[in-house]
Amino acid sequence: WPVWRFRTKGYVFSSPTVLGSTVFVGSADGFLYAVDAETGRQRWKYGTGGAVTSSPVVANDVVYIGSNDGAIHAVDSRQGRGLWHYETGSPIPSSPLVSGDTVYIGSTDNKVYALPT
């Protein structure tokens, strides 16, 4: 039986990730959601401008997510405030990886990007 359920306004292709007591997940409705892991209540949502099929990764209190708006987004994990985004110009359905001070992500423009965190 589910402990809770959280409804978005689009399909959820994204795999969730957890930091502390917060679950982060993207949705095809164009939002990254932060959900309380115990109650299932929304803490915040961040709009990307395109479907989010990428799975989020969290490093140093920053959530990184690719979007079909053609950008990778860096979002403050506590407040849901956008910190920066980098546009590749093509949808980004792949999931980012953070290693050290670099975030790596692939784009449908046939390129892999290495960006400073």
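Quick note: the coordinates plus some simple rules give every number you see, no bench work behind them. Quantities reported herein were computed from a predicted structural model and do not represent experimental measurements. Cβ placement follows ideal geometry from the backbone for every residue including glycine, while neighbour counts extend to all protein chains displayed.
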Original post:
Ordered by residue, what ³J(HN,Hα) values in Hz, to whole numbers, does segment 88-101 give under the Karplus form 6.51 cos²θ - 1.76 cosθ + 1.60, where θ = phi - 60° and Gly and Pro are x?
Top reply: 9, x, 9, x, 10, x, 6, 9, x, 9, 10, 9, x, 9
Original post:
How long is the gain from residue 84 to residue 41 if the chain were fully straight, where each residue apart is worth 0.36 nm and the alpha carbon distance is subtracted?
Top reply: 12.9 nm
Original post:
Once label points are set 7 Å from the Cα along Cα→Cβ at both residue 99 and residue 29, what is their separation, rounded to one decimal in nm?
Top reply: 3.6 nm
Original post:
For segment 7-66, what Kirkwood radius comes out of the mean inverse Cα-Cα distance, in Å?
Top reply: 11.2 Å
Original post:
Which whole-Hz couplings ³J(HN,Hα) result when phi for each residue of segment 8-22 is put into the Karplus expression 6.51 cos²θ - 1.76 cosθ + 1.60, θ = phi - 60°, listed in order with x for Gly and Pro?
Top reply: 9, 9, x, 4, 10, 8, 5, 7, x, 9, 10, 10, x, 10, 10
Original post:
Sorted by packing (mean other beta-carbon atoms within 10 Å per residue), highest first, where do 26-32, 45-51 land?
Top reply: 26-32, 45-51
**OP:** Could you give the spread of the C-alpha atoms of segment 1-116 along their three principal axes, from largest to smallest, in whole angstroms?
**Re:** 42, 28, 23
**OP:** With a 10 Å radius around each residue's Cβ, average the other Cβ atoms per peptide and rank 7-19, 83-95, highest first.
**Re:** 83-95, 7-19
Original post:
Whole-Hz Karplus ³J(HN,Hα) for segment 61-76, in order, using 6.51 cos²θ - 1.76 cosθ + 1.60 and θ = phi - 60°, x for Gly and Pro?
Top reply: 6, 10, 9, 10, 8, x, 9, 6, 6, x, 9, 9, 10, 10, 10, 4
Original post:
Given the Cα-Cα distance of residue 76 and residue 111 and 0.36 nm per residue of separation, how much length would full extension add, in nm?
Top reply: 10.0 nm
Original post:
What spacing in nm lies between the two simple spin-label points modelled at residue 60 and residue 3, each 7 Å away from Cα in the Cβ direction?
Top reply: 3.0 nm
